Amino acid sequence: MTDHYSVAVPFYDLWHDDGHVPDMREKLPSVLSGVRRSVLEIGAGTGRMTEVIAAATPAEIFAVEPSLGMRGVLLSRLADRPDLMERVTVLPYDALSVELDEPVEAVVMIAVLYTFSAAERAKLWQVLARQLEPGGLLVFNWRERPVAEPGELEQLDTYRVGRHDYEIWAQTLTASEELSTARFLYRIRHRGVVISEDEVVSSSHRPGLDALTAELTAAGFVPGDAPEGLLTWRLRK
Ligand SMILES: C[S@@+](CC[C@H](N)C(=O)[O-])C[C@H]1O[C@@H](n2cnc3c(N)ncnc32)[C@H](O)[C@@H]1O
């Protein structure tokens, strides 16, 4: 995996605390009610969702995070929380190479689905099915979205940190039903002057519900109920 996330790390919590994080904080706990023993979290990032899972369940958590930068913040977060240090194991792997010692009750994957191509997803569902106990729960976020339009570079957000402004800019470069590519600029300004700038070009896969249903059914999952913005599946018993 190319570690696009490293240059975005200083911006990550600033930006996503305005994005999917509050919505997931509200919706994830009810979906995880009843989970007691163990959760595998795919793409734990800086640990924002790890904290939500830990607050919603007493379960042991296996947090998979391949990006060194993101994992560094996750471990710093854990270091401030002795209660979490006891029950979160951080796995420095790609999701496709995870093999746990024993099956878990639930798998949670928030804001990660878009990183996998259709061929990678076919493998991912098989890997996750192997990590789940029969009847185990798979939760991830998904929404029907209109296809993005290629366009100009636009400023998405800016955050003041001390005397500096942290700016996030984005430009859709190409877009189709399943795949879009976008350019992101992460800028820091001091008194209006750019003192740091990093660029990332990344791809985003957006499978439709029909494609996901076919893939997950083939991998042995059956759909469950979920609040808007999330999908839940159970591994067939
Ligand atoms: C947008 S962040 C989401 C982080 C966290 N789940 C959250 O909601 O705040 C996507 C995360 O997925 C991780 N990721 C990307 N590809 C991955 C893969 N193949 N396996 C596991 N994690 C992956 C990235 O390193 C990044 O930390």
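Values quoted throughout were computed directly from the atomic coordinates according to the rules given, and no laboratory measurement underlies them. All of these numbers come straight from a predicted model, not from anything done at the bench. Cβ coordinates were reconstructed from backbone atoms using ideal geometry, including for glycine residues, and neighbour counts include every protein chain displayed.
A few notes on this one:
- Ordered by the count of other Cβ atoms within 10 Å of each Cβ, fewest first, 110, 168 give 168, 110.
- Principal-axis tilt of helix 209-218 within the chain, Cα atoms, nearest 10 degrees: 40 degrees
- Derived scalar couplings ³J(HN,Hα) [region 73-78; Karplus, 6.51 cos²θ - 1.76 cosθ + 1.60; whole Hz; x for Gly, Pro]: 5, 4, 5, 5, 4, 5
- Compared with the dominant Cα axis of the chain, that is its longest principal axis, helix 5-16 is turned about 90°.
- Global geometry of the chain, whether rounded, prolate or oblate, following the gyration tensor of its Cα atoms and the 1.5 cut on a/c: oblate
- Normalised alpha carbon radius of gyration of region 131-237 [divisor 2.2 N^0.38 Å]: 1.50
- Within the listed set 72, 162, 208, the Gaussian network model of the chain (springs between alpha-carbon atoms below 10 Å) gives the highest mean-square fluctuation for 162.
- Exposure proxy shown here: for 96, 28, the number of other Cβ atoms within 10 Å sets the order, fewest to most, as 96, 28.
- Rounded tilt (10° steps) of 118-131 against the dominant C-alpha axis of the chain: 50 degrees
- The simple spin-label model puts a point 7 Å past each Cα toward its Cβ; for residue 210 and residue 153 those points are separated by 3.9 nm.
- Amide H contacts of residue 148 (H built 1.01 Å from N, in plane; Pro and chain starts excluded): no residue 5 or more places away or on another chain comes under 5 Å.
- With coordinates expressed along the principal axes, the C-alpha atoms belonging to region 74-126 extend over 39, 24, 17 Å, beginning with the largest.
- Cut-off of 10 Å, at most 11 other beta carbons, DSSP loop: longest stretch of the chain lacking such GluC sites (Glu not before Pro): 1-85
- Cα gyration tensor shape for region 20-149, rounded if a/c is under 1.5, else prolate or oblate: rounded
- Using the rule -39500 (n - 2.57) for each DSSP H run of four or more residues, divided by the residues of the chain, the 222 nm mean residue ellipticity is -9000 deg cm²/dmol.
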